[in-house]
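Each remark here refers to the structure printed beneath this line.
Rule-based calculations on the coordinates, nothing more; no lab input. What you see is a predicted model; the values in this text were computed from it and never measured. So basically every Cβ, Gly included, is an ideal-geometry build from the backbone, and we count neighbours across all protein chains shown.
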């Protein structure tokens, strides 16, 4: 197991853990924080903290769930302490209008869902992203967030309702 | 759990939009190197057990002496400082130079309440509060060095500000928090 190899002094195994889990971690952090730079910062912090605490890792839990719990905590801290941008998604309207091609509709829809996500309550956004983007089950989500399963289901449901309203307001039926 | 089943829970447009969020970013090579370097710098791997018995015995003896010295030092400090004696006599676990600060919130229907703040890295699992005998008030005492701390309560997973705090509000994202000032004298 890679974790045991790292603890035995093999740094290459930690690099493998990073390579295996960093893409999903960056995706989660990007969806939570709304931009790539902040996502890279918190994901780096999460991996460093995970490395430092590796001896306490419980093998009963999937490594991804464990590192994601550290990352979710870093994201919450980043959101609580954030005093910079309040608008995190900037859309160049002219460029969007001029853009053509079959993928243009997807690009617009992607911008719309990112804008809508940014407007969600952070706890609802976290639950929605873990459920419908990271495709985790509720037990894993509970382990990551510390919230109960019923509370998480409620957050996901409310997030879905709110996202549908926001997409509708943006012209998507 | 299949991806299809999860997406079936969403309506058409929301499902299509959510699928667009599934792309995984490719980590930049420079970022990857920075992560590995930072992790290596923070390396605290447990030592391999390859010490000889005599070395181990000597290390144990050194630890005992050091422990006794630290214990003596702590006791000596307590005797010299009456304020610290008071804290100790009240059963508090407040460190020297820190002041006991009691936080309380009324949440009669809550199942789990904790406190997060600048003093514990905003970790929701770090400082759980306990329910008092009145069945509605949750309380915890925290030892804090003099300073200004932003904090919030986590009531069943939701953040709540302290309505009794002198300074209270929300951050840029509507997250509630309050501020406590701990005196320096």
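Things worth noting here:
- Largest GNM mean-square fluctuation among A:25, A:160, A:75, using chain A with Cα springs under 10 Å: A:160.
- Cβ crowding within 10 Å ranks A:43, A:77, B:71, A:145 as B:71, A:77, A:145, A:43, fewest other Cβ atoms first.
- Inter-chain neighbour count for A:40-52: the average number of beta-carbon atoms from partner chains within 10 Å of each residue's beta-carbon is 4.
- The fraction of all Cα pairs in the stretch B:99-182 landing in successive 10 Å bins from 0 to the largest distance is 19, 56, 24, 1, given as whole percents.
- Averaged over the residues of B:124-136, the number of partner chain Cβ atoms lying within 10 Å of the residue Cβ comes to 1.
- Per the Debye formula on identical point scatterers at the alpha carbon atoms of the stretch A:1-83, with no solvent, log10 I(q)/I(0) at q = 0.17, 0.18 Å⁻¹ is -0.64, -0.71.
- Partner shielding of B:33-41 amounts to 6, given as the average count of beta-carbon atoms from other chains within 10 Å of each residue beta-carbon.
- The alpha-carbon atoms of chain A define a convex hull whose volume equals 137 cubic angstrom per residue.
- Here residue A:169 and residue B:34 are evaluated by their C-beta separation; at R0 = 45 Å the FRET efficiency comes out at 0.70.
- Put in order of Cβ neighbour count within 10 Å, fewest first, the listed residues A:111, B:23, A:10 become B:23, A:10, A:111.
- Sequence of A:114, A:169 once ranked by neighbouring C-beta atoms within 10 Å, starting from the fewest: A:169, A:114
- Column: log10 I(q)/I(0), Debye, Cα scatterers of the stretch A:95-173, q = 0.13, 0.21, 0.26 Å⁻¹: -0.46, -0.89, -1.15
- Efficiency of FRET from Cβ geometry, residue B:181 and residue B:23, R₀ 45 Å, rounded to 0.05: 0.45
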